[in-house]
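Data block below; observations after.
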Amino acid sequence: MIQAAQVASKFTLFTHHAKTFPNLVTALRNSMLRTGVFKNEKTAEEQVVQVLNFDIHLQKDFRGKRYVERITECIPIENKNEYTFDHRNEKTLEGKFDKFFDNATHYFTKTTDKELYTYRNILEYVDGEYVITNPITEENLKGMRSNMDDADLEAFDKFVAKHWKKASKKLETVEVSASAEETPKRKRKPKNI
């Protein structure tokens, strides 16, 4: 699935039973390691993160009714060169050593604790309503727009302007269909990021 999603299609749909987004990434990474294609956990995880754009998490209530609990966006973290060459401007050996150790610390942190992705919920089901929690990244919006005809693009841009452009300022409620209203109300507040 990961290999097909990288090269074979514009999008890939699949199901999984992970309870959280990090669990999904870990499970897919471990599956890739078990196939023997990858030996390095970070490399396998990087391949998974490049494929996962959105996770639409379904929940089943005690009555057996399924509903979308949240939509989560995966945001790969770009590996930036943040090293400095300030040691050249230092006049003392101590200053040069300080700059060297700053770079060395940064290098070892990137090597040992390298974060490959972050994630955020863009929509959550809270107390019987769908709540916009965070905007979609510009990169994913651009990719979505490039696959729409003019009519769909216009409607999509209006939807984004109405909901996600305001999401950073305040939370908004989205209309819920009749079938979703029958699901139980969750008793938690939306996260502010």
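Quick note: the coordinates plus some simple rules give every number you see, no bench work behind them. This structure is a prediction, so every number in the text was calculated from the model and none was measured. Don't worry about glycine lacking a Cβ; one is built from the backbone with ideal geometry, like all the others, and counts go over all protein chains shown.
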| Hey, rough spin-label estimate for Ser9 and Phe85, points 7 angstrom out along Cα→Cβ, what's it come to in nanometres? | 4.7
| task | Just name one of Met32, His17, Ala44: the one whose Cα is farthest towards the positive end of the charge dipole of the stretch 1-84 (beta-carbon charges, Lys/Arg +1, Asp/Glu -1). | result | His17
| So what J values fall out for the stretch 153-159 if you push phi through Karplus, 6.51 cos²θ - 1.76 cosθ + 1.60 with θ = phi - 60°, rounded to Hz, Gly and Pro as x? | 4, 5, 5, 5, 4, 5, 4
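Multiplying the sequence separation of Arg66 and Leu153 by 0.36 nm and subtracting their Cα-Cα distance, what value in nm do you get? Working shown, then result.
Details: separation 87, 0.36 × 87 = 31.32 nm, distance 2.96 nm.
Difference between extended and current length: 28.4 nm.
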| Under Stokes-Einstein, with the Kirkwood radius over Cα pairs standing in for Rh, what whole-number D in µm²/s applies to the stretch 1-90 at 37 °C and 0.692 mPa s? | 211
| remark: Exposure proxy check on Val51, Val126: fewest-to-most Cβ neighbours within 10 Å is Val51, Val126
| For the stretch 94-135 and the stretch 141-155, distance of Cα centres in Å | 30
